[in-house]
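Below is one structure, written out as structure tokens, with a few remarks after it.
Each value in this text was obtained by applying a stated rule to the coordinates, not by laboratory testing. Every value quoted in this text rests on a predicted model; they were computed, and no experiment measured them. Quick reminder, even Gly has a Cβ in these numbers, built from the backbone with ideal geometry, and neighbours come from all protein chains shown.
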Amino acid sequence: VQLQASGGGLVQTGGSASLSCTASVSGRAFSRLSVGWFRQAPGKDREFVAGLRWGGSNVYYPYHEDSVKGRFTVSRDNAKNTVYLQMTNLKPEDTAIYYCATRSKYFCPGGADYEGPQGVGYWGQGTQVTVSS
């Protein structure tokens, strides 16, 4: 599976940005993949941002205090083989390279069986989001 991410760029604090990630598989195959978004800031580990299970009924975000939940929304369009990350109320600490990721139907980033980025099978090439203060 090849993942091609796009979007991002330079955004002001409080602004919004949208990321897209298209998979090089058939629409039917893509619909059977759980997908997710991660990010990595300079000098930091790659961290989980959002996950969306293959059926679209389960969505996951980090639970920690500074979570993106409430500001970021993950969604998918199986007809376009694409997963999206809509980001609002952006903060300077959201500055990072954002990666889309997948592995299989049952491995969902943030889900019950998720154990960390090391479990991801396929990564997109990453797209930079910079939030200016």
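Here is the list for segment 1-74: trypsin sites (Lys or Arg not before Pro) lying in DSSP coil, each with at most 15 other C-beta atoms within 10 angstrom of its C-beta, are R32, K44, R71.
Mean residue ellipticity at 222 nm, helices only, the chain: -500 deg cm²/dmol; runs of at least 4 DSSP H residues each add -39,500 (n - 2.57), and the sum is divided by the number of residues.
Once you charge only the Cβ atoms, +1 for Lys and Arg and -1 for Asp and Glu, what is the size of the charge dipole of segment 16-66 about its Cα centre, to the nearest 20 debye? The partial results should precede the final answer.
Working: 6 positive and 4 negative charges, 69 e Å.
The dipole of segment 16-66 has a size of about 340 debye.
Applying the criteria of a DSSP loop state and at most 12 other Cβ atoms within 10 Å to the chymotrypsin sites (Phe, Trp or Tyr not before Pro) of segment 1-92 yields Y63.
Listed by chain and number, the lysines whose C-alpha is less than 19 Å from the C-alpha of K105, apart from same-chain residues fewer than 8 away, are K80. In the chain, a dipole from Cβ-located charges (positive for Lys and Arg, negative for Asp and Glu) runs towards its positive end, and of V49, G124, S67 it is G124 whose Cα lies farthest in that direction.
Give the residue list of GluC sites (Glu not before Pro) in segment 51-129 that are DSSP loop and have at most 10 other beta-carbon atoms within 10 angstrom.
Details: sites: E65, E93, E115; in loops: E65, E115.
Qualifying residues, ordered by number: E65, E115.
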